[in-house]
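Structure, as structure tokens:
The values are calculated or read from the model by the stated rules, or taken from the named source; none is laboratory data. This one's a predicted model, so the numbers in the text were calculated from it and none came from an experiment. All Cβ positions, even for glycine, are placed from backbone atoms using ideal geometry, and neighbour counts span all protein chains on display.
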């Protein structure tokens, strides 16, 4: 079997083995990836994807871009942009875009979010998504929409609890066989044991799939450098990475490892205005 044929077979296997929601609602950002994707309690611009209510705690306009080369295959790459705009007491507005796949098959997601704090310990958020899925060779395009809901509670200065649900309305993907986009629930907590150590855990569950347990630890080595490590249970994937915080810029890099499929490197860059 030739190398191009093997490559095509691998790509087909990936799309059969991993459902749409795995790429369309995957946690985003290299910081998240390094922490095993335990991201529901993180307060950063990537909350526009991972937990919209977390963006209600941001005080400055932030924007970011990321890229992931899943299993070192360009056909399975993801890229995206995120912008969060806090408006004083009105809350935070956000926009994000992701693209997964290649010319013959790609999934595109446009998200519009809103989040707001209600008092010093609670915030809530929501998002409306437009999904555009393109399949080449004459199969055409599919356009549909989903929603997301989330909340964050900060009962103590160092303790955060958060939850997020993707597609609570169980929006159908196609009329054939009543196929639906899966509904995903995520709940997690994080605690800063020390000013230099943050630990995060979360569980993701859906109606038909095996629950996923995630955990990660972040160590603040020096003012500009963070080291991170994490683990995800399904599929079993250890991860690691680092982050550099230089003035208003944050540069994060990470890689996760799947025993059968290999490494998935990711990088993200964000900028906060006015800090």
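Residues considered: 169, 210, 189. Of these, the only one that is assigned to a strand (DSSP E or B) and either within 20 Å of residue 32 (Cβ to Cβ) or over 16 Å from the mean Cα position of the chain (by Cα) (or both) is 189.
Screening the stretch 92-103 for residues that are surrounded by 14 or more Cβ atoms within 10 Å (Cβ to Cβ) and modelled with pLDDT under 90 and picking the one that is nearest to residue 45 (Cα to Cα) gives 101. When residue 231 is tested against (1) more than 21 Å from residue 98 (Cβ to Cβ); (2) in a loop (DSSP other than H, G, I, E, B), just one condition goes unmet, and that condition is (2). Pairs are defined by a Cβ separation below 9 Å, a sequence spacing of at least 6 or placement on different chains, a first member in the stretch 247-275 that is at positive phi and without any contact (Cβ under 8 Å) to a residue 12 or more places away in the chain, and a second member that is surrounded by 19 or more Cβ atoms within 10 Å (Cβ to Cβ) and not in a loop (DSSP other than H, G, I, E, B); no pair meets this definition. The residue that is surrounded by the fewest Cβ atoms within 10 Å (Cβ to Cβ), counting only those in the stretch 104-136 that are touching a helix residue (DSSP H, G or I) at 6+ places or on another chain (Cβ under 9 Å) and not in a strand (DSSP E or B), is 118.
Within the stretch 46-68, the set of residues being in a strand (DSSP E or B) and either within 14 Å of residue 270 (Cα to Cα) or out of contact with any helix residue (DSSP H, G or I) (no Cβ under 8 Å at 6 or more places or on another chain) (or both) comprises 62, 63, 64, 65, 66, 67.
Yes or no: the stretch 71-80 includes at least one residue that is in contact with a strand residue (DSSP E or B) (Cβ under 9 Å, 6 or more places away or on another chain) and more than 28 Å from residue 258 (Cβ to Cβ). Checked against the condition, which is being in contact with a strand residue (DSSP E or B) (Cβ under 9 Å, 6 or more places away or on another chain) and more than 28 Å from residue 258 (Cβ to Cβ), the stretch 71-80 yields no hits at all.
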